[in-house]
Each structure stands twice: as C-alpha cells, then as structure tokens.
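Working notes, structure below.
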Amino acid sequence: DINGFYSDSLDFKCSLPTDSKLSTLELSMTGVEKKYIVDLLDEKLNEPLRSYIIDKGQSLLFPYLSPGKYCIRITEDGNRNSMVDTGSVLEHRQPEKVKFYEIEDEKFIDIPESSEIVQEIDIAALFKD
C-alpha cells in the first residue's frame, strides 16, 4: 500500500504453457482475387482467436496454439471495408459470402501438442459457385 506494507492477498501464481507444448498453424493462401477476412476460431465458434485481412496470395501464421480443435472461417469482403457486413432488405444488399474451410468434410482441424501444421487453401476453388 502507500505506507509500504505488504499484503499477501495480492499474491497469486499462474503457469503458462511452455513453447515446447504449443503448436503452429501455417495457411498458404492461393487463388486470392478479391479481399478476404480469414479468422481462426476455436471449437465453440464464438469470437475469432486471430484474424488476417488478405487481398493477395500469401502465407498466414498462427503461432502459440494450445492443443485442440480449430476451424478456419473465410469471408469474402465484397465492399472492401475490412469488416464482416450483414445484408439489408431495405438497401437490397446481400450479406457477404462466408465459407468454412473443411478437410475431408471435417470442419475442425485437430491440432496436437508440439506440432507445426502447414495447410494450403485455394480460395478460388472454395468460393466457386
């Protein structure tokens, strides 16, 4: 406190995973012709853990991932404002296209402990209609 007295109620211990137990996911994006938002989501599909905005082919790196199941959500940013926009009936505007990357009809990528996974994604093939 301001008098220099120590309070033990503020002590707490936390432990962080070591780098040897964490994994890395690298996505090699090809066939990028428009602007896209690439999100990494956990199994609950709540908020994105990490996001990238891309407009050309490149590699995206997602380091320091704990073991578990993750999925990749790719949104076509039609109006190029770097945000996911919903549609509007009044403005006659369709929502932006959203696709989940799947491997052999499995939406989630299982990432084990201490691994480095490289996955190639062809955006043009994913968004062809």
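Restricting to region 32-56, and then to whatever is surrounded by fewer than 14 Cβ atoms within 10 Å (Cβ to Cβ) and touching a residue at least 40 places away in the same chain (Cβ under 8 Å), can you tell me which residue is nearest to K128 (Cα to Cα)? The residue in question is E33.
Just to be sure before I move on: is S59 in contact with a Ser or Thr (Cβ under 6 Å, 6 or more places away or on another chain), closer than 27 Å to G78 by Cα and among the hydroxyl-bearing types (S, T, Y) in the structure I sent? Taking the combined requirement at face value, the residue satisfies it. Condition check for L61 on (1) among the hydrophobic types (A, V, I, L, M, F, W, C); (2) open to solvent by 70 Å² or more (accessible area, probe 1.4 Å); (3) over 12 Å from the mean Cα position of the chain (by Cα): one failure, at (3).
One residue stands out in region 64-81 among those that are open to solvent by 70 Å² or more (accessible area, probe 1.4 Å) and of a type in the set (K, R): the one that is nearest to T18 (Cα to Cα), namely K69. Of everything in region 118-129 that is closer than 21 Å to Q58 by Cβ and either at pLDDT below 85 or in a loop (DSSP other than H, G, I, E, B) (or both), the residue that is most open to solvent (accessible area, probe 1.4 Å) is K128. Taking the conditions exactly as written (open to solvent by 50 Å² or more (accessible area, probe 1.4 Å), touching a residue at least 12 places away in the same chain (Cβ under 8 Å) and in a loop (DSSP other than H, G, I, E, B)), does V84 satisfy them or not? In short, yes. Summed over region 94-117, residues that are more than 20 Å from E43 (Cβ to Cβ) and open to solvent by 100 Å² or more (accessible area, probe 1.4 Å) total 2.
The values are calculated or read from the model by the stated rules, or taken from the named source; none is laboratory data. All values derive from a computational prediction rather than experimental measurement. Positions of Cβ are generated from backbone atoms using ideal geometry, with glycine treated the same way; all protein chains shown enter the neighbour counts. Just so you know, the surface numbers come from the protein's heavy atoms only, side chains and all, with ligands and any DNA or RNA stripped out. Shrake-Rupley method; radii C 1.70, N 1.55, O 1.52, S 1.80 Å.
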